Amino acid sequence: MRPSFTRWFNWPENGHTEMRMEKDRFVIYLDVKHFSPEELSVHISDEFITIHAKHEDRQDDHGFVSREFLRKYRLPAGVCGDVTSSLSSDGVLTITAPRSSPGPERNIPISCEDGTPKQKM
């Protein structure tokens, strides 16, 4: 479930975006209501998620407008690259990346420079 977006007016004027690190995932919510699905792309490379949106001149109430933006988000440590995205009917793009679970606890052996194993304490 995504949060209620009736509070858009409370978001800072930064393109209406929100990032959250939740218990089991990293989530980005982005207002892209001025773009159609065909005008959006989401890419992942190295440790960045990149969102690009562009549309050519369109007529509106005031004349013609064209829009384009490119946003990059660094994937936080502990987040795997299995990224999914979805676009809601109200124009909110949701990008989700699961957090990788930590491996089991284990002891790491220490070797000495002379090749002998460390003495147990």
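For this structure, a couple of remarks:
- Tabulated pairs, segment 49-61, first at negative phi, second among the small types (Gly, Ala, Ser) and part of a strand (DSSP E or B), C-beta under 6 angstrom, 6+ apart or interchain: His52/Ser41; Glu56/Ser66; Asp57/Ser66
- Of all residues in segment 58-73, exactly one satisfies the criterion of being open to solvent by 100 Å² or more (accessible area, probe 1.4 Å) and at pLDDT below 85, namely Gln59.
- When residues of segment 22-40 are limited to those that are of a type in the set (Lys, Arg) and over 26 Å from Glu56 (Cβ atoms), the one most open to solvent (accessible area, probe 1.4 Å): Lys23
- Some residue of segment 87-109 being surrounded by fewer than 11 Cβ atoms within 10 Å (Cβ to Cβ), in contact (Cβ under 8 Å) with a residue 40 or more places away in the chain and closer than 15 Å to Thr17 by Cα: yes
- Segment 24-56: number of residues that are among the aliphatic types (A, V, I, L, M), under 14 Å from the mean Cα position of the chain (by Cα) and farther than 17 Å from Gly81 by Cβ: 1
The values are calculated or read from the model by the stated rules, or taken from the named source; none is laboratory data. All values derive from a computational prediction rather than experimental measurement. Every residue, glycine as well, gets a Cβ built from its backbone with ideal geometry; the counts of neighbours run over all protein chains shown. Only protein heavy atoms, including side chains, enter the accessible area calculation; ligands, DNA and RNA are left aside. Shrake-Rupley method; radii C 1.70, N 1.55, O 1.52, S 1.80 Å.
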